[in-house]
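Just so it is clear, none of the values below were taken in a lab; they were calculated from the coordinates. Computed from a predicted model, the values in this text were never measured in an experiment. Here the Cβ positions follow ideal geometry from the backbone for every residue, glycine too, while neighbour counts run over all protein chains shown.
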Amino acid sequence: EKDGYDYFMLKEIAEQPKAVADTLLGRIDAQGALHLDEVRIPAAVLREVTKVVVVACGTAYHAGMIAKYAIEHWTRIPCETELASEFRYRDPILDQRTLVIAISQSGETMDTLMALRHAREQGAKVLAICNTNGSTIPRESDAVLYTHAGPEVAVASTKAFLTQLVACYLVALYLGQVRGTKWGDEINSVVGELAHIGTEVDTVLGTMEPVRELARSLADKDTVLFLGRHVGFPVALEGALKLKELAYMHAEGFAAGELKHGPIALIEPDLPVVVVVPSPRGRSVLHDKIVSNIQEIRARGARTIVVAEEGDEAVVPYADHLIRVPATPTLLQPLVATVPLQVFACELATARGNEVDQPRNLAKSVTVE
Ligand code: F6R
């Protein structure tokens, strides 16, 4: 059932173009309007929402961090993303006008389940974004948007993550459409781009050989750092998490702007640092700042591994290794930028002789708090 792949993880990485297309299936019509009929929360209720809170764990939490950028930008509703395991213990402020989004691949994660139970007890509406039909989290939620990624067998989450992102974008864009914001035109154009994002993911998958080669060359390293900004920050965290769980290496993700507030002290000659670079179009200020960060760490001898959009020439002089991804709207970049980091971690794990599909100490669904 691995379809000729050595590991389920490789198969699931390869399935991502289809998985994201399946998440979109039937949800965007020919006019670019979103149809999320499964979101049984009436439009009238969604128009009254004053706050969105996203709860999730691990990789799903990283999807939730990205959702925050999308929701706040396209809907102008304040949004916070919180680790499900922390959520109820801080007595969060929730009411009938709070929309809680619980993201979970398995639908059985106890931390996330306890968070959503707590939210519903306070009167909040809960929307689950989930991959497993009929699992506990959707059963206990007011509504569910299934990601339709198909079964994910490898413990490390890959296609579930990309489809969680697509589902989060759909919710953010839908909320924007339902409520009407000044970003109407942008929303329409992003919906158009989203509709063929599977092709972009496929393009990335076709260019991964140099990434695998690079990963193999780093098999004896102890540490890899990941930097990003804006939606690239959660991508950096996700790249680091994949490396920890699969390669058992010390890996950390930082917001690039935080570098100067401490982590830059970690930079030493030959340390591999992966940098996720935002598009030079759109948020170009951030792009220029991250290029300075790359220069700074390279001046201290780091080995820079730069993930940058096609056509971004400014990064070329400072990249020891350059990984190209197709140009996308800023907020959608995680869908293409995460893929090389998954491949990187998988190949490093293999090179280090680790069991890719079943990393030590981990279980696919975590049903204890
Ligand atoms: C990482 C990973 C975990 C899960 C987390 C939440 O690759 O798989 O971090 O993302 O345990 O699981 P779900 O999404 O099933 O709630």
Inset, instruction - Could you run the Debye sum over the Cα atoms of region 190-338, one equal point scatterer each and no solvent, and tell me log10 of I(q)/I(0) at q = 0.14 Å⁻¹, two decimals? - result: -0.63
Inset, instruction - Report the full-extension gain for the segment TYR89 to ILE264: residue separation times 0.36 nm, less the Cα-Cα distance, to one decimal in nm. - result: 59.7 nm
Inset, instruction - First measure r as the distance between the Cβ atoms of ASP3 and ALA30, then evaluate 1/(1 + (r/R0)^6) with R0 = 51 Å and state the FRET efficiency to the nearest 0.05. - result: 0.95
Legend entry - Cα gyration tensor, region 5-124 - rounded (a/c under 1.5), prolate or oblate: oblate
Inset, instruction - Select from PRO138, PRO17, PRO210 the residue whose mean-square fluctuation is largest in a Gaussian network model of the chain (Cα-Cα springs shorter than 10 Å). - result: PRO210
Legend entry - Compactness of the chain as Cα Rg over 2.2 N^0.38 Å, two decimals: 0.95
Legend entry - Cα centroid separation - region 1-36 against region 208-235, whole Å: 24 Å
Inset, instruction - Report the residue, chosen from HIS62, HIS230, HIS261, that carries the largest GNM mean-square fluctuation when the chain is represented by alpha-carbon nodes joined by springs under 10 Å. - result: HIS261
Inset, instruction - Report the trypsin sites (Lys or Arg not before Pro) located in region 129-237 that are in a DSSP loop and have at most 10 other Cβ atoms inside 10 Å of their Cβ, or state none. - result: LYS182
Legend entry - For the chain, calculated [θ]222 nm from helices alone, where every DSSP H run of n ≥ 4 adds -39500 (n - 2.57): -13500 deg cm²/dmol
Inset, instruction - Can you figure out the FRET efficiency of VAL368 with THR223, using R₀ = 30 Å and their beta-carbon distance, to the nearest 0.05? - result: 0.50
Legend entry - Approximate spin-label separation GLU296-ASP37, in nm, with each point projected 7 Å along Cα-to-Cβ: 5.3 nm
Inset, instruction - Using only the Cα atoms of region 69-199, build the gyration tensor, take square roots of its eigenvalues as a ≥ b ≥ c, and label the shape rounded, prolate or oblate: rounded if a/c is under 1.5, else prolate if a/b is larger than b/c, else oblate. - result: oblate
Legend entry - Eligible lysines near LYS260 by straight Cα distance, threshold 30 Å, same-chain separation 8 or greater: LYS68, LYS221, LYS242, LYS244, LYS289
